[in-house]
Every structure is written in C-alpha cells, then in structure tokens.
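S.K.: Have a look at the structure that comes next, please.
The values are calculated or read from the model by the stated rules, or taken from the named source; none is laboratory data. Worth saying up front: this structure is predicted, and the values here are computed from it rather than measured. Because the Cβ atoms are built from the backbone with ideal geometry, glycine has one as well, and the counts that use them run over all protein chains shown. Calculation scope for accessible area: heavy atoms of the full protein, side chains included, ligands and nucleic acids excluded. Shrake-Rupley method; radii C 1.70, N 1.55, O 1.52, S 1.80 Å.
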Amino acid sequence: MARLRDCLLRLTVTIRSLLFWSLVYCYCGLCASIYLLKLLWSIGKGPAQTFRRVAREHPPACLNDPSLGTHCYVRIKDSGLRFHYVATGERGKPLMLLLHGFPEFWYSWRHQLREFKSEYRVVALDLRGYGETDAPVHRENYKLDCLITDVKDILDSLGYSKCVLIGHDWGGMIAWLIAICFPEMVMKLIVINFPHPNVFTEYILRHPAQLFKSSHYYFFQIPWFPEFMFSINDFKALKHLFTSHSTGIGRKGCRLTTEDLEAYLYVFSQPGALNGPINHYRNIFSCLPLKHHMVTTPTLLLWGEKDAFMEAEMAEVTKIYVKNYFRLTILSDVSHWLQQEQPDIVNKLIWTFLKEETRRKD
C-alpha cells in the first residue's frame, strides 16, 4: 500500500511538471507569434524606420553627475567578474545596497542616492550583465544562485557583513532571495513592486490576468529574438516601457526628462547590452518555486497600484511569508516605476520604516 502511494505521488508530481512545462513552452510560442506579427507589421509600414538605429557613442552628462556619487569597480575573485556601482555617503556608515530591475541600471536609484547619503553608505549596483558590469555569454551564468552569490560577494568586497537591502522589480526578486538564504546579511528588507517569489509563482498559475501581464517572462525564454525586438525602431520598445500611457511613469509623478531617457537608451544600445539582462529571465522557471521560503527580516513592501506588470493582490498575500515585522504600503495612481515616479513619497516611507524599526529595536 505504501509503495502504491509513493508511486501515485511520483506520478502526480511528474504530471504536474509536464503540465507546467507544457504551459511554459506553449505560452512562449504564443508570445513569439505575437511579436513576429508585430515585426512584420512594422516592416510593412516602413522597413527603413524599423531597422533604424541612432549611434550613441558618448554618455549623457547625467550619468556623470557628481551629486549622485562616485563610479567604482570591484572584481570578484571567485567568479572573475568585474562589477560597476555608484557609491555615495561616508565609508564606515551603515550600508544601503540598491538592486535595480529590468530594463534599468544603477541610474534608476538617482533620487535615493541623493536622499540617504546623510546616514548611509549608499551603493547602487549594476547587476550581472547590466551596464558597465561584466556580462557572461551563457544563460547558465544567470541562474538565481549566481545572482545571490554576487550580492554576497559584493558585500564582502565592500567590507560589510550586513546591509539595508532595497530591490525593485527583478532586483526585488533577488532581494527576497538574499533575505531568505542569508538572513544574517540583511538588517532590513525593502522591496518595491515585487511579491515574495512563491506568491508570484503560485499566483501566476491561477490568475490568467497575471499570466498575461507577465508575458515577457515567457517571451524572454526564446533565444536572440527578444533582444532583436527591443532594438528595432531605435529601441522603441524601451521608450514605450517608460513613457507610454499603459506601462510608463504616471502623469502625476516625476516623468523622465529627455536626458534621463537618453541615459537608458545609451546604456542598452551598446553592443550586446540586452543579452545579459534578458538572460536573467531565461533560468527562472527551473529555479522556482523555492524549497525554503520564510523571511525573518523586518520588511517593507511598497507597491504602485497602477503597476502594469504585477497584480496588487500579490502584495497582500506576501505577508504570510514574513515572520517578522511587515509593513505594506500601496500607493494609488502610481505605476511600476515607483521610486522614480514618486521619489519624495518613497523616500519618506523608507525613512519612516528605518526609524520606526530602530525605535522598536531599542
């Protein structure tokens, strides 16, 4: 009887796995077909415009703004990779480490670099494959355990054993994983617009609306084609993400200036600059859900209600995975790009959380 039960359990697991991967590959094919139709439509309307690309040889001045901090580089001994980051605030102060999302880089934290340097050593990192950080070629180099190890190695290289960890979007995913795997490294966890990873994987399979909003996760599984689609029409898709009515920064917030947008275009228009960022997504389905999932670090989750990519209900469910002080703040009429759109509000909420936790601890 026990052997039969074990066989049925293994069969159930196998069937669920087959159904899951069937869903992944079918949806990949559907997304690829949709984007192929978009490409053909664009070529039909104007082939010259479709394949036009502006040469961007020099970075805009905002990327070298001294008020944002100092550009630094560190080479990690074990991986051999060189990481780029921008740091501000006095050495020796508590470390605040900032992890950006997609398609972003260190510059998305410009408002926070200026704000928190008074009390923290603030470091905005270019993740593996992004910006001036080295970008390994093979997709296997972007597994989640590699990304987690990167953050641990960066802390060691900076001379810190723990930090206030803040992550947005994909950087939020990595921040959750660091808090789960290395809780001793995280004094306080702040995540912006990304739920606990287990909430995300469970929710997406049960809610077709979220499956549709996360279509880029599936599209990015396809080799080279996503990078190509991002680059056509002089990176029109990138501009659309930040400026369109449906996905861009909201009308009530701080919109990107022409120079801000040019900074993103400059970074992602460099040869091969999209391959590393998209490779981050090409291992996700083999890494989730997590075996260990509880968070024991004091946590603040900030959420833009008008997020075009994440359903707000996931934020509410996240609290069941945090076995410590947890605060959720959902901002109405705010998009996915929360820390860039409403920097004053976000900074104030972060300060309140940090000070509040200090008082609680005392």
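S.K.: Taking the Cβ of Ala135 as the centre, find all other residues whose Cβ is under 11 Å away and add up their charges (Lys, Arg: +1; Asp, Glu: -1). Don't skip to the answer; put the middle values down first.
M.R.: Values: positive: Arg82, Arg128; negative: Asp126, Glu132, Asp134.
Value of the local net charge: -1.
S.K.: If contacts are Cα pairs under 8 angstrom and at least 6 residues apart, what is the relative contact order of the chain in percent?
M.R.: Reported relative contact order: 19 percent.
S.K.: Further, regarding this structure: With springs only between Cα atoms under 10 Å, which of Leu68, Leu40, Leu125 fluctuates most in a Gaussian network model of the chain?
M.R.: Leu40
S.K.: Here is a further query. Counting pairs on different chains as well as pairs 8 or more places apart, how many Lys pairs in the stretch 114-268 have Cα atoms under 26 Å apart?
M.R.: Close lysine pairs found across the stretch 114-268: 15.
S.K.: Take the chain, connect every pair of alpha-carbon atoms lying under 10 Å apart with a spring to form a Gaussian network, then pick out the residue of Val199, Val317, Val151 with the largest mean-square fluctuation.
M.R.: Checking each option, the largest mean-square fluctuation is seen for Val317.
S.K.: Taking Cα pairs under 8 Å and at least six residues apart, what relative contact order does the stretch 195-327 come out at, in percent? Before the final figure, lay out each step's value.
M.R.: On the way: 107 pairs, mean separation 45.4, N = 133.
Value for the stretch 195-327: 34 percent.
S.K.: In the Gaussian network model of the chain, springs joining C-alpha atoms below 10 Å, which of Asp134, Asp333, Asp126 carries the largest mean-square fluctuation?
M.R.: Maximum among the listed residues: Asp333.
S.K.: In whole Å and largest first, what semi-axes does the C-alpha gyration tensor of the stretch 154-206 yield when each eigenvalue is scaled by 5 and square-rooted? Walk me through the numbers before you get to the answer.
M.R.: On the way: eigenvalues 116, 21, 14 Å².
In descending order the semi-axes read 24, 10, 8 Å.
S.K.: Quick one, which of (1) 70, 55, 40; (2) 65, 58, 44; (3) 57, 40, 38 is the actual Cα extents along the principal axes in Å calculated for this model?
M.R.: Correct label, based on the coordinates given: (2).
S.K.: What distance in nm separates the two pseudo spin-label positions at Asp156 and Cys254, each 7 Å out from Cα along the beta-carbon direction?
M.R.: The answer from the label model is 3.6 nm.
S.K.: Here's something else I'd like to know. I want the antiparallel fraction of DSSP beta bridges within the chain, as a percent rounded to 5. Write out the running numbers ahead of the final one.
M.R.: Numbers: 10 of 36 bridges.
In the chain, approximately 30 percent of DSSP beta bridges are antiparallel ones.
S.K.: Separate question: Once you have the Kirkwood Rh of the stretch 229-362 from its Cα pairs, apply Stokes-Einstein at 20 °C and 1.002 mPa s and quote D in µm²/s. List each step's numbers first, then the result.
M.R.: On the way: Rh = 17.4 Å.
Stokes-Einstein gives a translational diffusion coefficient of 123 µm²/s.
S.K.: For the stretch 116-257, what Kirkwood radius comes out of the mean inverse Cα-Cα distance, in Å? The partial results should precede the final answer.
M.R.: On the way: mean 1/r = 0.0570 Å⁻¹.
Kirkwood radius, the stretch 116-257: 17.6 Å.
S.K.: Under 5 Å between amide H atoms, partner at least 5 residues away or on a different chain: which partners does Met294 have, H built in plane at 1.01 Å?
M.R.: Those qualifying (amide H under 5 Å, at least 5 residues apart or on another chain) number zero.
S.K.: Ala48 to Val74: extension gain in nm, 0.36 nm per residue of separation minus the Cα-Cα distance?
M.R.: Details: separation 26, 0.36 × 26 = 9.36 nm, distance 4.17 nm.
Full extension from Ala48 to Val74 adds 5.2 nm.
S.K.: If you don't mind, another one. May I ask you to give the percent of accessible area on the chain that is carbon plus sulfur, with a probe radius of 1.4 Å? Intermediate results must be reported in sequence, preceding the final value.
M.R.: Numbers: 9870 of 17060 Å².
Within the chain, the accessible surface is 58 percent carbon and sulfur.
S.K.: Calculate for the chain the 222 nm mean residue ellipticity that helices alone would give, adding -39,500 (n - 2.57) per DSSP H run of length 4 or more and normalising by residue count, nearest 500 deg cm²/dmol. Numbers along the way, then the final one.
M.R.: Numbers: 15 runs with 170 residues, N = 362.
The helix contribution divided over the chain gives -14500 deg cm²/dmol.
S.K.: To the nearest 20 debye, what charge dipole does the stretch 211-356 have about its Cα centre, counting +1 at the Cβ of each Lys and Arg and -1 at the Cβ of each Asp and Glu?
M.R.: On the way: 14 positive and 14 negative charges, 73 e Å.
Rounded to the nearest 20 debye, it is 360 debye.
S.K.: Looking at the chain, which longest stretch skips every one of the trypsin sites (Lys or Arg not before Pro) that is in a DSSP loop with at most 13 other Cβ atoms within 10 Å, leaving the sites themselves out?
M.R.: Counting at most 13 other Cβ atoms within 10 Å as exposed, the longest clean stretch of the chain is 92-250.
S.K.: Report for the stretch 48-148 the percent antiparallel among DSSP-assigned beta bridges with both residues inside it, nearest 5. Intermediate results must be reported in sequence, preceding the final value.
M.R.: On the way: 10 of 15 bridges.
The antiparallel proportion sits near 65 percent.
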